[in-house]
2 protein chains.
Amino acid sequence: MELLDAEGIDALSMRKLATRLASGATSIYWYVESKDQLLELVMDAVYGEVAVPVDGSWRKAAEAFAAGLRKAVFHHPWLVSLVGALPAIGPNAMTASERLVGAFKKAGFEGWSLDYAVAAITSYALGAAIPSAAWQNAHRKQGRSIQETVAQMAPTIHFVSADYPNLSEMVDRYYGGETDVEQIQQRSFYFGLNALLDGLEACLP
Amino acid sequence: MELLDAEGIDALSMRKLATRLASGATSIYWYVESKDQLLELVMDAVYGEVAVPVDGSWRKAAEAFAAGLRKAVFHHPWLVSLVGALPAIGPNAMTASERLVGAFKKAGFEGWSLDYAVAAITSYALGAAIPSAAWQNAHRKQGRSIQETVAQMAPTIHFVSADYPNLSEMVDRYYGGETDVEQIQQRSFYFGLNALLDGLEACLP
DNA sequence: TACTGTGCTCGTACATTGTGCGAGGGTATT
DNA sequence: AATACCCTCGCACAATGTACGAGCACAGTA
């Protein structure tokens with residue numbers, strides 16, 4: 001994971017990992033069946049970073065899950081390249097889901113509504129993490145800081161959105177103030193999350 | 001895209017693509033700078049399949065966008081491996097966003113709320129597409145049909161969820177009836193989408 | 001002490017990958 | 001006839017995932 005965080009997922013090779021571990025390249029295959037399986041394990045390790053409380057309201061549980069996933073993806077932006085391509089059935093992912101389901105069940109969700117409500121939250125959490133990861137990936141690909149990347153991409157962004165008046169207006173809003181990408185994304189994240197939670201709350205008896 | 005649909009993203013190599021095009025492997029590089037750029041173009045081609053109507057309510061626009069993306073990912077499950085890793089600034093993606101923003105703006109969203117509301121919908125749409133793509137990827141990796149894949153994975157799924165009572169309950173519900181994965185996912189998708197739209201509607205003046 | 005098995009490491013090897021380079025050929029313009 | 005451009009492609013190289021099997025250390029048994 002240190003290697004992945006530092007160099008991204010394209011840069012991870014079994015040989016590099018081996019030298020990092022001061023071992024032979026193929027020794028890894030004693031512990032792991034394939035690179036894919038290794039990545040599955042890594043993915044579940046990341047899920048281990050999202051902590052869902054066992055007590056507390058269903059809204060708190062959902063918030064903890066979604067925010068935890070968001071933070072995890074922020075620190076490990078390569079995760080989004082794995083989600084959807086590899087099954088997420090590790091113990092950490094399972095525990096998080098289990099607790100989330102438990103909280104929703106205790107709140108009164110039942111039957112298919114329970115499944116659907118949980119799926120809605122996970123979908124939103126995953127989806128919201130993607131743009132965040134995209135920015136991280138972009139600015140890590142060059143060695144620059146976020147501010148520098150934002151500044152550097154400004155002309156390109158203005159150029160490609162020039163033909164789209166609504167998008168241009170959005171872009172201007174982004175580049176109007178201090179352009180703290182992370183803060184904007186955080187606000188955006190909680191705005192949508194609260195909307196979704198409000199909508200789900202209306203389904204409760 | 002035919003190659004990607006048939007064999008998945010791991011199986012796409014420049015050489016295979018070249019033989020499919022009855023050309024030399026490196027001839028492709030006359031038209032395309034790198035494989036990554038090729039994938040960017042392919043990604044935008046998929047965005048071309050999601051049609052957002054210019055007229056109609058903001059809810060209809062959001063539904064069309066989300067459902068379109070869902071359908072596109074269903075047919076091209078390899079897309080999720082690209083989203084978040086590659087920038088989505090092609091003309092088709094831009095047009096879809098532009099129209100979505102337009103519809104929301106006409107409905108009364110403005111300022112940051114406009115951006116956030118649109119971001120919420122796209123996040124949900126992307127996130128909801130991921131599990132769907134995961135199933136597709138899984139069942140395409142083996143040559144089997146969906147039903148066969150579902151049946152074949154049943155023991156594994158029961159096994160890994162055995163220690164999690166809430167998840168077991170969910171799994172039982174899934175495997176209780178006819179287990180039409182696609183239909184369940186569709187219902188789940190619209191359930192969450194409507195909840196989110198309801199929540200967003202409450203933000204309107 | 002000798003032998004056997006088991007857990008683990010690693011060098012070698014191979015097929016496959018993305019892609020840089022430069023030599024070719026076809027067509028249009030001068 | 002010569003030059004310029006558009007386009008194709010064979011070759012080559014470094015890097016990749018991983019199968020294979022030879023080697024080690026150490027445990028238990030004879």
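The values are calculated or read from the model by the stated rules, or taken from the named source; none is laboratory data. Since this is a predicted model, take the numbers as computed values, not measurements. Here the Cβ is made from the backbone with ideal geometry for all residues, glycine too, and neighbour counts use every protein chain on show.
Here are the numbers for the structure shown:
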{"quantity": "Some residue of the stretch B:19-39 being touching a Gly at 6+ places or on another chain (Cβ under 9 Å) and of a type in the set (A, V, I, L, M, F, W, C)", "calculated": "no"}
{"quantity": "Close pairs from the stretch A:30-45: first over 16 Å from B:SER81 (Cα atoms) and among the charged types (D, E, K, R), partner assigned to a loop (DSSP other than H, G, I, E, B) and more than 16 Å from DNA strand C (Cβ to nearest atom), Cβ under 9 Å, at least 6 apart", "calculated": "A:ASP44/A:ALA88; A:ASP44/A:ILE89; A:ASP44/A:GLY90"}
{"quantity": "Counted residues, the stretch A:90-127 - those being farther than 18 Å from B:GLY127 by Cβ, at the interface with another protein chain (Cβ under 7 Å from one of its Cβ atoms) and in contact (Cβ under 8 Å) with a residue 40 or more places away in the chain", "calculated": "1"}
{"quantity": "Answer from A:GLY24, A:GLY8, A:GLY56 - the residue that is within 13 Å of another protein chain (Cβ to nearest Cβ) and either farther than 25 Å from A:ILE130 by Cβ or more than 13 Å from DNA strand C (Cβ to nearest atom) (or both)", "calculated": "A:GLY8"}
{"quantity": "Candidates B:SER57, B:SER23 - the one that is surrounded by fewer than 14 Cβ atoms within 10 Å (Cβ to Cβ) and within 16 Å of DNA strand D (Cβ to nearest atom)", "calculated": "B:SER23"}
{"quantity": "Set A:LEU17, A:LEU38, A:LEU12: member being assigned to a loop (DSSP other than H, G, I, E, B), near DNA strand D (Cβ under 9 Å from one of its atoms) and surrounded by 13 or more Cβ atoms within 10 Å (Cβ to Cβ)", "calculated": "A:LEU12"}
{"quantity": "Residue tally, condition in a helix (DSSP H, G or I) and either surrounded by 16 or more Cβ atoms within 10 Å (Cβ to Cβ) or modelled with pLDDT under 90 (or both), over the stretch A:127-162", "calculated": "25"}
{"quantity": "Check on B:ASP36, under 19 Å from the mean Cα position of the chain (by Cα) and within 12 Å of DNA strand C (Cβ to nearest atom)", "calculated": "no"}
{"quantity": "Enumeration of residues in the stretch B:187-205 that are at the interface with another protein chain (Cβ under 7 Å from one of its Cβ atoms), surrounded by fewer than 18 Cβ atoms within 10 Å (Cβ to Cβ) and in contact (Cβ under 8 Å) with a residue 24 or more places away in the chain", "calculated": "B:CYS203"}
